[in-house]
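Asker: One structure coming up, written as structure tokens, with questions to follow.
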Amino acid sequence: MAAAAGQLVERNNKRDAQEAELAEGEGEAAGGVVTPLEHLHAHGFTDRDLKCLKEAGYTTVEAVAYASSRLLQQVKGISEQKVAKLKEAVKGLVHMGFSSATEINLMRQQIVKLTTGCAGFDAILGGGIETGMLTEVFGEFRSGKTQVCHTLAVTSQLPVEQGGAEGRVAWIDSEGTFRPERITKIAERFGLDAEQVLENIAHARAYNVEHQTELLVQAASMMVEARFALLIVDSVTALYRSEYQGRGQLADRQGHLCQFLRKLQRMADEFGIAVVYTNQVVATVDPMAVFRGGEDKKPIGGHIMAHASQTRLYLKKGKGQNRVAKIYDSPSMPDNIDAKFAITENGVSDEIKDKDNKRQKKNGDGDDE
Ligand SMILES: Nc1ncnc2c1ncn2[C@@H]1O[C@H](COP(=O)(O)OP(=O)(O)OP(=O)(O)O)[C@@H](O)[C@H]1O
Ligand SMILES: [Mg+2]
């Protein structure tokens, strides 16, 4: 996974080279940030083979390379023999072996990070939300999860040197809380053309768990066609909670959720996009809570959720418009470091000092807690 981690810039260069190559050579349209499946033609695969793969959600050579043979054998129209041939063909097209730690270090330094809109928040993330990775944002209602998503949907479109990744955004919305008017305000704050920013966000309401999963296939095909930087799923667990109820359905729920989260990881690996998903919390009566700083809430989804993302962020309400973001689980940052930020009309911003908070509250535009 490390080799595939967040190499958006490198991928973009690769994409440009591929575009030129395809335009000159085969004369086919290619717009993805990755290797188009059409490269398999040169290895003896037919249009029909490619169609079968695409229908099963394998829209790029990387997707085929990262999938296990067992999974590929489940694709309708692809025989066991063909899977072996596929595996052989993709070996030469996608790097999947060992790399030296020096190379990994270099690659990690190049990882594009998305700014949250608040310097302190970025700092606890080591610069921002990493592309090529999964970030879970959890917290209780109105803690700011959806507002963080709105801000990232804009900042991901900024130039790299301003904390963006110059890419489009796909937004899977299971709660119906996406608000274009919020995007407009945030775009204005960052000096971007609001109309263009809205145009670059592909939004879909998810109505059930199955639909939510299907939307990932659609998102993947869009990502082959154009340069995407971010996929948002807000919230990843809401539909699971309403569709699978009670202890009896827990194993099924976890199994399906695990598959969904794996698909998200595959997309992050494949397209180098940042994947940000939100999650709720439940009250816990865990007597060990005292050892977690008196935390009486925990994210839902158990171990499956806990291990799926590279970074877990816990958002908590603060005074007025202020919020606290806490690193819950990160491979490179210490746990339990936190940052204060504020939710304003212009999206996520630096913490509002007490005086300003009081004034905003008086004017009636603050949080009404
Ligand atoms: N235009 C705005 N200006 C200032 N603050 C706003 C604005 N819109 C929303 N907020 C703040 O954002 C809060 C809601 O945050 P958000 O919708 O991100 O919560 P959430 O964590 O996604 O909650 P839920 O679990 O219900 O989805 C509101 O309570 C309000 O304080
Ligand atoms: Mg929300």
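Asker: Post the alpha-carbon centroid distance, the range 118-187 to the range 199-261, in whole angstrom.
Answerer: Rounded to whole Å, the Cα centres lie 17 Å apart.
Asker: Under the Karplus relation 6.51 cos²θ - 1.76 cosθ + 1.60, θ = phi - 60°, what is the ordered set of whole-Hz ³J(HN,Hα) values for the range 263-279, x standing for Gly and Pro?
Answerer: Result, rounded to whole Hz: 5, 4, 4, 4, 5, 5, 5, 6, 9, x, 7, 7, 10, 10, 10, 9, 8.
Asker: Using amide H atoms built in the peptide plane, which far-off residues or other-chain residues are under 5 Å from Trp171 H to H?
Answerer: Here the answer is Ala202, His203, Ala204, Ile232, since their amide H atoms fall under 5 Å of that of Trp171.
Asker: Another question about this same structure. Which FRET efficiency value, to the nearest 0.05, do you get for Glu175 and Arg108 by plugging their Cβ-Cβ distance into 1/(1 + (r/R0)^6) with R0 = 30 Å?
Answerer: 0.35
Asker: Amide H neighbours of Val112 under 5 Å, counting only residues 5+ apart in sequence or on other chains, H built in-plane at 1.01 Å?
Answerer: Placed amide hydrogens put Leu8, Val9, Thr131 under 5 Å from Val112.
Asker: Per 0.36 nm of contour for each residue apart, how much would the distance between Ala119 and Gln81 grow if the chain were fully extended, relative to their Cα-Cα spacing?
Answerer: 8.4 nm
Asker: Still on this model: Determine ³J(HN,Hα), in whole Hz, for all residues of the range 340-352 in sequence, where each value follows from phi through the Karplus function 6.51 cos²θ - 1.76 cosθ + 1.60 and θ = phi - 60°; x replaces Gly and Pro.
Answerer: 8, 9, 10, 9, 10, 4, 9, x, 5, 9, 4, 3, 8
Asker: What FRET efficiency would be calculated for the residue pair Phe141, Ser221, taking the C-beta separation as r and a Förster radius of 25 Å, to the nearest 0.05?
Answerer: 0.15
A short reminder: the numbers here are calculations on the coordinates, not readings from a lab. Small disclaimer: the values here were computed from a predicted structure and weren't measured. All Cβ positions, glycine included, derive from the backbone under ideal geometry; neighbour counts span all protein chains shown.
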